[in-house]
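> Encoded as structure tokens, here's the structure I'll be asking about.
The values are calculated or read from the model by the stated rules, or taken from the named source; none is laboratory data. As the structure is a prediction and not an experimental result, all values here were calculated from the model. Methodologically, a virtual Cβ is constructed for each residue, glycine included, from the backbone with ideal geometry; neighbour enumeration extends over all protein chains shown. The area values use the complete protein model at the heavy-atom level, side chains included, leaving out ligands, DNA and RNA. Shrake-Rupley method; radii C 1.70, N 1.55, O 1.52, S 1.80 Å.
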Amino acid sequence: IPLRLVGSEMCIRDRYIFRGYFAVKILGVRRMKALTGIKVIDFSKWLPGQYCGMVLGDFGADVIKVETPTGDDTRRFFPEALPGMSYWHLALNRNKRGITADIKTEGGRKLLLRLLSEADVFLEGFRPGYLARYGLDYATVREINPQLVYCSITGFGQTGSYRHKPAHDLNVIGLAGLNSLDDVGSACVSEVQIAALGSSMNAVSGILLALLARERTGEGQAVDINLYNTSLSLQTTGISSLWGCKATGCQPFGRTAHYYNIYRTQDGRYLSVGTIEPKFWRRLCEILDCEELIERQHDFEHGNELQERLAAVFQTKTQAEWLALIGEEEFCVTPVCSLEEALNSELTQQSEMLAQKQEDIGTLQYVKPAIRLSDMPGSIERRAPLLGEHTAEVLTELGYTEPEIMKLKETGAI
């Protein structure tokens, strides 16, 4: 029953009855999730928005992914399971229904506004000002739905001289000082899109905060997330240390030390050494037959010399030999695994993070939600949509008739 009343009044949606924070499950309906009854319009095209929408969908939100009639570019990223169904798309757009709409047409704009008029969340990733050209900016949309949480994910935010500049993760983390990670300024490229995924999780948090605030005020609000600010916030400890060293005249310490580093073994493999605690450092020195170094853990004046000494010792044995010598002891020395090794490890099997499902397009593998809720866990219920797969279904729910849907197709609006 698509009945929706404002504020904390009773709301019946998706066959659940809501009042404030409480919900009563109607008999015969599957167990609800944390975001059951929340409708999200995902109008993002790239990783930050797609991942955010995925998380919301995993926890029960009705996520409607809106694409142009040609589809997101990420649909065609290598490799593809099917034409227009890349493994990237399959991973990030699960638990979403997919429709097409061209906002450059009158019919497409009206369609999106109609969706937003009854949505809880709008998720977009365009540069500031773009959606305003089509009357889809926050100020305009708020007039038709003051309860809407409007989340924008951009490279550099809504203000400032960089607001209109294009940028991907690598550009942003370079500007934010985040990819000089080895303490001597050597730039690196991470396999993990740090700013993008960090912004995704900030967007999830911001959306949930705004939804919680709406429970108290009855009003939605704009959520402004950008990759640059996220990159700075992820460096909170490093920035604080830098400021502290400037204030006290100390030498900046950085991320690595002789007792906290990665060391190469004889066979070209690596070990992560994180012996911060003195008891762990002591045990490492004993296993390496370097007992004379035990009292020099904090001898930073000769840090390079100590690091070279440890590096030479680690080169005398293979990774497997060192691990055998360590055995079951616990002092924060672990192997550096390849991604393939990590996926096949006992640790990953015990984590229950991987899933395999038989879908209509074949067997698909998934990384499950990392957030674990005891009573309302997230799950993967549907594969990522084919381009426009649910357009007719969603439009019918909005009240469009079959002739109206055909007209939208004929005019290129969907």
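> Residue check, residue 214 against (1) under 27 Å from residue 112 (Cβ atoms); (2) basic (Lys, Arg); (3) open to solvent by 60 Å² or more (accessible area, probe 1.4 Å); (4) at pLDDT 95 or above, all met but one. Which one?
(3)
> A further question follows. Of all residues in the range 67-97, count the ones that are among the small types (Gly, Ala, Ser) and closer than 20 Å to residue 369 by Cβ.
1
> If you don't mind, there's one more thing I want to ask. So which of 177, 220, 198 is on the phi > 0 side of the Ramachandran plot and either in a loop (DSSP other than H, G, I, E, B) or not hydrophobic (A, V, I, L, M, F, W, C) (or both)?
Among 177, 220, 198, only 177 is on the phi > 0 side of the Ramachandran plot and either in a loop (DSSP other than H, G, I, E, B) or not hydrophobic (A, V, I, L, M, F, W, C) (or both).
> Given the conditions (1) under 15 Å from residue 64 (Cβ atoms); (2) open to solvent by less than 50 Å² (accessible area, probe 1.4 Å); (3) of a type in the set (D, E, K, R), which single one is not true for residue 114?
With respect to (1) under 15 Å from residue 64 (Cβ atoms); (2) open to solvent by less than 50 Å² (accessible area, probe 1.4 Å); (3) of a type in the set (D, E, K, R), residue 114 is out only on (2).
> Next question, about the same structure. If I filter the range 143-166 for residues that are closer than 24 Å to residue 235 by Cβ and acidic (Asp, Glu), do I get at least one hit?
So far as the range 143-166 goes, no, none of its residues is closer than 24 Å to residue 235 by Cβ and acidic (Asp, Glu).
> Here is a follow-up. For the range 254-343, list the strands (runs of 3 or more DSSP E) that sit wholly inside it and hold at least 2 residues that are surrounded by 12 or more Cβ atoms within 10 Å (Cβ to Cβ) and hydroxyl-bearing (Ser, Thr, Tyr); which are they?
Fully inside the range 254-343 and qualifying: 260-264, 270-274.
> Any idea how many residues of the range 354-413 are among the β-branched types (Val, Ile, Thr) and either without any contact (Cβ under 8 Å) to a residue 24 or more places away in the chain or in contact with an Asp or Glu (Cβ under 6 Å, 6 or more places away or on another chain) (or both)?
4
> Kindly indicate whether any position in the range 337-358 is within 20 Å of residue 259 (Cα to Cα) and touching a Lys or Arg at 6+ places or on another chain (Cβ under 8 Å).
no
> State which residue is modelled with the lowest pLDDT when the search covers only the range 153-167 and only residues that are out of contact with any Pro (no Cβ under 9 Å at 6 or more places or on another chain), of a type outside the set (Ser, Thr, Tyr) and open to solvent by 80 Å² or more (accessible area, probe 1.4 Å).
Filtering first and then ranking leaves 166.
> Hey, could you check the range 353-383 for residues that are assigned to a strand (DSSP E or B) and charged (D, E, K, R) and say which is most open to solvent (accessible area, probe 1.4 Å)?
Once the filter is applied, the top-ranked residue is 357.
> Going by what's in this entry, would residue 170 be described as open to solvent by 40 Å² or more (accessible area, probe 1.4 Å), more than 30 Å from residue 290 (Cα to Cα) and modelled with pLDDT of 90 or more?
Judged against the criteria, residue 170 is not a match.
Yes/no per residue for (1) open to solvent by 20 Å² or more (accessible area, probe 1.4 Å); (2) assigned to a strand (DSSP E or B); (3) in contact (Cβ under 8 Å) with a residue 24 or more places away in the chain:
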{"site": "42", "(1), (2), (3)": "no, yes, yes"}
{"site": "50", "(1), (2), (3)": "no, no, yes"}
{"site": "66", "(1), (2), (3)": "no, yes, yes"}
{"site": "71", "(1), (2), (3)": "no, no, yes"}
{"site": "94", "(1), (2), (3)": "no, no, yes"}
{"site": "97", "(1), (2), (3)": "no, yes, yes"}
{"site": "102", "(1), (2), (3)": "yes, no, yes"}
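> Also: All but one of (1) open to solvent by 10 Å² or more (accessible area, probe 1.4 Å); (2) in a loop (DSSP other than H, G, I, E, B); (3) within 24 Å of residue 405 (Cβ to Cβ) hold for residue 119, so report the exception by its number.
Result: residue 119 passes all but (1).
> Which one of 131, 148, 136, 113 is among the aliphatic types (A, V, I, L, M) and touching a residue at least 60 places away in the same chain (Cβ under 8 Å)?
Being among the aliphatic types (A, V, I, L, M) and touching a residue at least 60 places away in the same chain (Cβ under 8 Å) holds for just one of 131, 148, 136, 113, which is 148.
> Now for a different question. Can you tell me how many residues within the range 73-89 are open to solvent by 10 Å² or more (accessible area, probe 1.4 Å) and over 17 Å from residue 414 (Cβ atoms)?
Total satisfying the criteria: 11.
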